[in-house]
């Protein structure tokens, strides 16, 4: 059997496919899920306090994609610790918590509160949500702010710190290096692209939030490019995200220099999507005579 | 919850633009409760699944009611017997029925009739007397099929039955279940806050994960139409905050 395990810093994953934040709830909601294939899971984004989220309509389908503006609806960190983390402690794959704050300090506080909570294996610092008024993407498209948020989390935990980058930047390499310099263990590239869809009957944006984050196969080539740019800019591992629905999609990110991938929107359609991606990667390596995922030849910008 | 590849077994027209599709999906049919829905995936077709109320669920068949409003529904209407869809369900929390009510009205506008044949069967099985109240713009738009003990038709133009809104044609009954355009359901809520209504929203996953189908609550915050809903006590919804301008019109 081909070895598809990956090591990301101090975190060893049994497979390279993780469930992306916001598409998997807190891990208990996805129906007909095949857990055997999960390399890990990133929780729905959490803030210190509960948040109601944005007004509806929150989603609209677009060609080969979807726009969403959920606004990080969630119960707040105390409810997450009480209601979800205890279950995670018994799972056979690591769960990372997606951290969000309206200020640099809030990110640090969240990390401190969650550090040491059984079931919490690490953090994905979300500096890339396009649908919040404060924080989110506004930290992620400024290298100084991105570095400050990373440092604030790094100071408060020994757990792995991953940072999820926004594609809405001029040069993702600049942000990637700024985050790496402050001690991030890995980068996740990329979050959704800001988009807009207009209803010609009402002549208004279809989303109540006006804009939303575009995900799904529509963004995949854009995301592969950005993940490749990020991987070329840093030494820490990059986790590829963006429109992955099949093993071939995932392999594009892996060959582009990613150490692992996250599957998101595809899970909305099929709870078995992650298992299919996982199995397909193993089958590809076997077919190509590549002994392990680590030996898969990569194609970085400098190559 | 099940996710079979379900073949089309029947298609029939029930109004000028309304069609019933029946799929063979025995496990889903056996489990479906009134007011629940199924989430259909068509390949090739749109990216996401599309939610449909369970219209009927008998003899291993799941029926849905639809009108061609976009590429997805057009694709479903182009299916031929034996063609398969991926059918996820049953999903959501359906109607509550209580024999103590004695009688109920099933009040629908246009495509909102979708959940009511199954509800009528369950209500009669529970010993309730069922009045079927169905309205549309004009006679040709009325769904021709109905179930219950008696029927009240309503048309905006008076071409059949009561002239005006079906909401104004509801007789005295023990309880009301309603489904239709959100503005119609808002009118139901003003008159009968205790009525149970099935709302329409955009939906992403249909299973509670994406939080896309937010229903604003009168008490504040949001529910998920796919999980806590789609059936609500009418008075519990913040109607002005619930969109009534879906870019595709699920109902009349």
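If you filter the range A:136-170 down to residues that are assigned to a loop (DSSP other than H, G, I, E, B) and closer than 20 Å to residue A:215 by Cα, you find that the one that is farthest from the chain's Cα centre (by Cα) is A:170.
Quick grid of which residues meet (1) within 14 Å of another protein chain (Cβ to nearest Cβ); (2) under 30 Å from residue A:61 (Cα atoms); (3) surrounded by fewer than 17 Cβ atoms within 10 Å (Cβ to Cβ):
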| residue | (1), (2), (3) |
| --- | --- |
| B:149 | no, no, yes |
| B:161 | no, no, no |
| B:172 | no, no, yes |
| B:201 | yes, yes, no |
| B:219 | yes, yes, yes |
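Of the residues making up the range B:72-99, those that are crowded, with 23+ Cβ neighbours inside 10 Å and more than 19 Å from residue B:48 (Cβ to Cβ) are B:94, B:95. Taken together, the residues in the range B:58-72 that are in contact with a strand residue (DSSP E or B) (Cβ under 6 Å, 6 or more places away or on another chain) and touching a residue at least 60 places away in the same chain (Cβ under 8 Å) amount to 1.
Would you point out the residue of the range A:7-25, among those that are out of contact with any helix residue (DSSP H, G or I) (no Cβ under 7 Å at 6 or more places or on another chain), more than 7 Å from chain B (Cβ to nearest Cβ) and assigned to a loop (DSSP other than H, G, I, E, B), that is surrounded by the fewest Cβ atoms within 10 Å (Cβ to Cβ)?
First pass over the range A:7-25, keeping only residues out of contact with any helix residue (DSSP H, G or I) (no Cβ under 7 Å at 6 or more places or on another chain): A:7-14, A:18, A:20-22, A:25.
Retained after the next criterion (residues that are more than 7 Å from chain B (Cβ to nearest Cβ)): A:7-14, A:18, A:20-22.
Subset that is assigned to a loop (DSSP other than H, G, I, E, B): A:9-10, A:14, A:20-22.
Details: A:9: 15, A:10: 11, A:14: 18, A:20: 27, A:21: 28, A:22: 27.
Going through the qualifying residues, I end up with A:10.
Among A:302, A:298, A:287, which is more than 26 Å from residue A:95 (Cα to Cα) and free of Cβ contacts under 8 Å to residues at least 40 places away in the same chain?
On the way: A:302 fails: free of Cβ contacts under 8 Å to residues at least 40 places away in the same chain; A:298 fails: free of Cβ contacts under 8 Å to residues at least 40 places away in the same chain.
Among A:302, A:298, A:287, only A:287 is more than 26 Å from residue A:95 (Cα to Cα) and free of Cβ contacts under 8 Å to residues at least 40 places away in the same chain.
From the residues in the range A:48-71 that are in a strand (DSSP E or B) and within 14 Å of residue A:215 (Cα to Cα), which one is farthest from the other protein chains (Cβ to nearest Cβ)?
Going residue by residue through the range A:48-71, those that are in a strand (DSSP E or B) are A:51, A:59-62, A:65-68.
Subsequent filtering for residues that are within 14 Å of residue A:215 (Cα to Cα) retains A:59-62, A:65-68.
On the way: A:59: 4, A:60: 7, A:61: 5, A:62: 8, A:65: 7, A:66: 6, A:67: 10, A:68: 6 Å.
Result: A:67.
Scanning the range A:171-183 for residues that are farther than 27 Å from residue A:212 by Cα and assigned to a loop (DSSP other than H, G, I, E, B) turns up A:182, A:183.
When A:191, A:228 are checked against the criterion of being at pLDDT 95 or above, part of a loop (DSSP other than H, G, I, E, B) and crowded, with 24+ Cβ neighbours inside 10 Å, A:191 stands alone in meeting it.
The values are calculated or read from the model by the stated rules, or taken from the named source; none is laboratory data. What you see is a predicted model; the values in this text were computed from it and never measured. Backbone-built Cβ (ideal geometry, glycine too); neighbour counts: all protein chains shown.
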